[in-house]
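Have a look at the structure below, then the notes.
The values are calculated or read from the model by the stated rules, or taken from the named source; none is laboratory data. Bear in mind the structure is a predicted one, so any value in this text is a computation, not a measurement. Note that each Cβ is placed from the backbone with ideal geometry, even for glycine, and that neighbours are counted across all protein chains shown. Protein only, heavy atoms only, side chains kept; ligands, DNA and RNA dropped before computing areas. Shrake-Rupley method; radii C 1.70, N 1.55, O 1.52, S 1.80 Å.
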Amino acid sequence: QVQLVESGGGLVQPGGSLRLSCAASGSIFSINAMGWYRQDPGKQRELVASITSGGSTKYADSVKGRFTISRDNTKNTVYLQMNSLKPEDTAAYYCNVNANVQKGWNILADDAWGQGTQVTVSS
């Protein structure tokens, strides 16, 4: 099973920047896609950005040009660089990792979620 530890959230003024990190650990055989989602209370969780094992990225229209997702495969870590932050970016941000884990002689798929980190953009 994959465990995820997120860090980097906080309070920032509009126009500011934050960098989120999410480190994966466990009996990981390989990692496929990694991504970041966000959720406001009372709203559905939405995809912010994702990155495949080959480095292809996808972004929500609302963050294109402001956010950048990247990954360090040597550290099993995914990052989200958030620039030009707006109040509407305020939400809990969740890391998601789709991986293959080793369990005995078997390789099993695992879809893991982080505990969430709060990002608040306010003056």
Quiz item: Under a 1.4 Å probe, what is the accessible area of the chain per residue, stated in Å²?
Solution: 54 Å²
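Largest first, how would D61, D110 line up by accessible area (1.4 Å probe)?
Per-residue accessible area, sorted high to low, gives D61, D110.
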Exercise. Considering only T74, T57, T90, give the residue with the highest GNM mean-square fluctuation for the chain, with springs between Cα atoms whenever their separation is below 10 Å.
Key: T74
Exercise. Would you work out what percent of the accessible area of the chain, with all protein chains in place, is carbon or sulfur (probe 1.4 Å)?
Key: 47 percent
Quiz item: Of L108, L20, L80, which has the largest mean-square fluctuation in a 10 Å C-alpha GNM of the chain?
Solution: L108
Practice problem: On the full set of protein chains, 1.4 Å probe, figure out the accessible area of D111 and give it in Å² to the nearest 10. | Solution: 80 Å²
Quiz item: By the scheme Lys and Arg +1, Asp and Glu -1, what is the net charge of all other residues having a beta-carbon under 15 Å from that of D89?
Solution: +3
